[in-house]
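In what follows, a structure is listed as structure tokens, so that the remarks can point back to it.
The values are calculated or read from the model by the stated rules, or taken from the named source; none is laboratory data. All values derive from a computational prediction rather than experimental measurement. Glycine also receives a Cβ, built like all others from the backbone with ideal geometry; neighbour counts cover every protein chain displayed. In case anyone asks, the SASA skips ligands and DNA or RNA and just uses the protein heavy atoms, side chains included. Shrake-Rupley method; radii C 1.70, N 1.55, O 1.52, S 1.80 Å.
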Amino acid sequence: MKQVRQVLFLLGAFACAAMTAQASATDKKITLLFTNDVESAYDPIPAFWLDDLERIGGIAQMTTLINEIRSGNSRTFLFDSGDIFTGALAKETQGALAFDLMTVMGYDALGIGNHEFEYGVEVFGWQKNRAPFPVLSANMFYKGTDHPFAQTHTIIERDGVRIGVVAIMGRDAVSAIIPAFIEPLDVTDEAVAVQRSVDAIRDEVDLVVLLTHQGKTAPMQTDAETDPRTQRDIDADIRLAGAVKGVDVLFAGHADAGTPKPVVHPKTGTLIMQTYGQATHLGFLELIVDDETGKVMGYDGKLIPVDSERYAPDPLVRKKIEDARARFPELFEVIGRSDAYMNRKYMEESTLGNLFADIFRARAGTDIAFIHPGSLRKDLPAGDIRRVDVLDVYPFIDHVLTMELNGRQIRDIMEQSLTFERGLMEVSGFEITYDRSRPERERVLSMTRSGEPIEDDDIFSVGAPTIIANGADLFTTFTEVEKTGNAGLISEILLDYFANTDLVVAPPLGRQQDMTPDAR
């Protein structure tokens with residue numbers, strides 16, 4: 001088997017367009033399409049942050065784009081780098097709908113992401129059996145054993161091209177999972193697992209594609225693409241690409257760190273790409289391979305916006321979604337109204353975060369409440385609010401736990417928040433000022449409650465979602481105290497609030513003030 005050599009230093013004379021034009025009759029054109037962090041983004045959304053598009057995204061619209069590209073090259077492959085679950089419909093179907101949609105869309109392989117564990121290991125372990133394509137992870141094993149949880153690698157052959165596919169989930173991504181939901185598994189060293197699988201298949205394939213789900217967790221902000229404060233790096237993927245041999249292409253997920261063009265590892269030549277997630281862009285990488293030598297002679301990589309006005313929804317995918325919605329009509333009942341569109345923010349206070357934190361505090365009857373921005377998965381529309389709108393904003397199986405924290409612990413939580421590693425914690429019941437220009441862990445300038453300073457030895461009752469109350473998303477200070485109660489299931493708390501409030505009003509901003517000299 002002729003192997004593709006890692007000659008991906010094509011920066012000067014090997015311009016992508018020129019390479020395509022110069023390809024000989026015997027050269028192979030291989031098209032690799034990829035997605036990551038789709039997270040059940042069924043429908044187009046307003047592209048309010050873009051000047052040239054009215055609406056963007058939608059799985060059915062993306063499918064039309066995929067099929068259009070496939071029609072031009074029989075050697076087209078489609079991969080996903082994880083996080084296919086989330087949202088109300090995914091929850092109702094226990095993830096089955098996501099697999100059914102991917103089947104219709106013609107995916108060739110899936111690398112497992114952290115959101116696949118939203119309903120626990122047992123549910124995902126069962127549901128992945130319905131996929132006709134490989135569901136991969138080379139570094140997940142049943143705890144204390146060498147028995148893999150999923151298929152570690154695969155070989156896909158199409159029209160004379162053989163591609164080896166390996167996948168891993170980073171150990172850092174585990175911290176974004178409710179601990180009990182991943183507890184039955186060990187997630188092992190990424191590089192060791194990748195190299196073992198690559199060594200097993202490298203000599204039998206033309207290309208090796210690595211699907212990763214690692215690095216910094218994604219900033220859940222609709223317009224993150226154009227907000228420089230939310231831009232994540234791909235350092236973890238660059239390090240991994242340099243630590244293993246024999247990987248030609250790395251498609252990444254988890255950080256939603258869009259790469260408009262491929263990043264070429266300076267040592268190994270591995271091409272690294274990632275989309276912005278939520279089905280707003282389709283990843284595209286085209287390779288020209290010399291059929292005689294097996295060398296990659298050129299490449300063209302980009303992220304294609306899913307222009308919802310240009311691409312009509314694929315009828316088969318649309319029908320799958322419509323049929324699923326028809327099975328759960330109660331999800332689409334109007335239960336309330338809001339006075340304004342409320343959007344998510346990852347690096348600053350948001351109306352949506354304030355609202356949900358206030359709801360938690362009121363239901364728990366506590367002095368203070370927290371909610372981390374990564375749990376807010378969609379914006380809330382203005383006007384009529386359906387059950388699905390609420391459940392899609394906070395789709396997780398989670399509770400509000402209560403506890404007592406002192407002022408020092410609250411300050412520690414906010415200092416962790418102000419590293420912005422997992423976004424700015426949204427709060428209710430107190431006020432804070434901070435300075436981003438100061439060193440980490442020294443950014444809180446003041447904390448007050450009803451105008452009175454919060455002292456280190458002050459004691460407050462606190463409500464917080466289970467995931468952070470148990471120390472996930474790096475908020476380990478919560479683990480210092482015993483939990484005193486459970487205020488209820490978050491989905492029920494939210495639905496009850498919207499159903500029993502005549503008009504939900506967006507809370508004013510100002511409880512967290514950025515005093516940094518260059519603050520926007």
**Report entry** Whole-Hz ³J(HN,Hα) from phi, Karplus 6.51 cos²θ - 1.76 cosθ + 1.60, for the stretch 166-171, glycine and proline x
**Finding:** 10, 9, 9, 10, x, 5
Query - Which listed pairs, of LYS143/LYS378; LYS29/LYS302; LYS345/LYS483; LYS91/LYS319, have C-alpha distances above 23 Å, in listed order - result: LYS143/LYS378; LYS345/LYS483
Query raised in the report: For the chain, what is the charge dipole size about the Cα centre, in debye to the nearest 20, if Lys and Arg each add +1 at the Cβ and Asp and Glu each add -1 at the Cβ?
Result: 1220
Report summary line: Note on the stretch 88-198: C-alpha Rg/Rh, Kirkwood Rh, two decimals, gives 0.97
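Please give the contour-minus-distance gain from THR448 to THR433: 0.36 nm per residue of separation, less the Cα-Cα distance, rounded to one decimal in nm. Write out the running numbers ahead of the final one.
Details: separation 15, 0.36 × 15 = 5.40 nm, distance 0.90 nm.
Working it through step by step, the gained length comes to 4.5 nm.
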Report task. Before rounding to the nearest 500, sum -39500 (n - 2.57) across all DSSP H runs of length at least 4 in the chain and divide by the residue total; then give [θ] at 222 nm in deg cm²/dmol. Result -> -7000 deg cm²/dmol
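So how much slack lies between GLN94 and PHE328, counting 0.36 nm per residue of separation and subtracting their Cα-Cα distance, in nm? Intermediate values should be presented prior to the final figure.
Details: separation 234, 0.36 × 234 = 84.24 nm, distance 1.31 nm.
Length gained between GLN94 and PHE328: 82.9 nm.
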Query - Cα centroid of the stretch 167-227 to Cα centroid of the stretch 268-319, whole Å - result: 20
Requested in this report: Please calculate how many Å² of accessible area the stretch 57-112 carries per residue, with a 1.4 Å probe and no DNA, RNA or ligand atoms counted.
Outcome: 21
Requested in this report: List, in order, the whole-Hz ³J(HN,Hα) value for each residue of the stretch 248-255 obtained from phi through the Karplus relation with A = 6.51, B = -1.76, C = 1.60 and θ = phi - 60°; use x for Gly and Pro.
Outcome: 8, 9, 10, 9, 10, x, 5, 8
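What is the Rg over Rh value, at two decimals, for the stretch 379-498, using alpha-carbon atoms and the Kirkwood definition of Rh?
On the way: Rg = 15.7 Å, Rh = 15.8 Å.
We get a ratio of 1.00 for the stretch 379-498.
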Report summary line: Of the residues LEU185, PRO507, SER137, the Cα lying farthest along the dipole of the chain towards its positive end, which is defined by charges on the beta carbon of Lys, Arg, Asp and Glu, belongs to SER137
Query raised in the report: Relative contact order of the stretch 324-439: what whole-number percent is it, with Cα pairs under 8 angstrom and at least 6 residues apart?
Result: 35
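May I ask you to give the percent of accessible area on the chain that is carbon plus sulfur, with a probe radius of 1.4 Å?
On the way: 10000 of 20050 Å².
On the chain, the fraction of accessible area on carbon and sulfur atoms equals 50 percent.
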Query raised in the report: So, with +1 on the Cβ of K and R and -1 on the Cβ of D and E, and no other charges, what is the size of the charge dipole of the stretch 388-500 about its Cα centre, to the nearest 20 debye?
Result: 200
Query raised in the report: If the convex hull of the alpha-carbon atoms of the stretch 133-245 is projected onto planes in all directions, what is the mean projected area in square nanometres?
Result: 9.0
Query raised in the report: What is the set of long-range amide H partners of SER308 at a cut-off below 5 Å, with H atoms built 1.01 Å from backbone N?
Result: ARG55, ILE56, GLY57
Report task. Let me see the pair-distance distribution of the chain: every alpha carbon pair, 10 Å bin width, integer percents in order. Result -> 4, 19, 28, 26, 15, 7, 2, 0
Report summary line: Residues meeting the amide H criterion for ASP227 (H placed from the backbone, H to H distance under 5 Å, 5 or more places apart or on another chain) are none
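Loop-only trypsin sites (Lys or Arg not before Pro) in the stretch 252-302, please: DSSP not H, G, I, E or B, and at most 13 other Cβ atoms within 10 Å.
Working: sites: LYS267, LYS295, LYS302; in loops: LYS267.
Those that pass, being in a loop and sparsely packed, are LYS267.
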Report task. Tell me the trypsin sites (Lys or Arg not before Pro) within the stretch 305-334 that lie in a loop according to DSSP and have at most 14 other beta-carbon atoms within 10 Å. Result -> ARG310
**Report entry** Table column - 3J(HN,Hα) (Hz), the stretch 369-375, Karplus curve with 6.51, -1.76, 1.60, x for Gly and Pro
**Finding:** 9, 10, 8, 8, x, x, 8
Query raised in the report: Using a simple spin-label model with points 7 Å from Cα along the Cα→Cβ vector, what separation in nm is obtained for THR103 and GLU455?
Result: 6.4
Query raised in the report: Which percent, to the nearest 5, of DSSP beta bridges fully inside the chain are antiparallel?
Result: 65
Report summary line: Given the candidates GLY277, ALA47, THR103, the one whose Cα lies deepest towards the positive end of the charge dipole of the chain, counting +1 at each Lys or Arg C-beta and -1 at each Asp or Glu C-beta, is THR103
Query raised in the report: Once the dipole of the stretch 204-263 is set up with Lys and Arg at +1 and Asp and Glu at -1 on Cβ about the Cα centre, which of ILE234, GLY246, LEU211 lies farthest towards its positive end?
Result: ILE234
Report task. Before anything else, pin down the relative contact order of the chain: Cα pairs under 8 Å, at least 6 apart, normalised by residue count, whole percent. Result -> 17
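Are there GluC sites (Glu not before Pro) in the stretch 206-293 that DSSP marks as loop and that have at most 12 other Cβ atoms within 10 Å, and which are they? Write down the numbers at each step before the final one.
On the way: sites: GLU225, GLU286, GLU292; in loops: GLU292.
Filter output for the stretch 206-293: GLU292.
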Report summary line: Expressed as a whole-number percentage, the relative contact order of the stretch 286-387 with C-alpha contacts under 8 angstrom and at least six residues apart is 28
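Considering only protein heavy atoms, with the full assembly of protein chains and a 1.4 angstrom probe, order ASP100, ASP235, ASP398 by accessible area, largest first.
If we order ASP100, ASP235, ASP398 from most to least accessible, we get ASP235, ASP100, ASP398.
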Query raised in the report: About the Cα centre of the stretch 64-199, what is the dipole size in debye to 20, counting +1 per Lys and Arg Cβ and -1 per Asp and Glu Cβ, all else neutral?
Result: 300
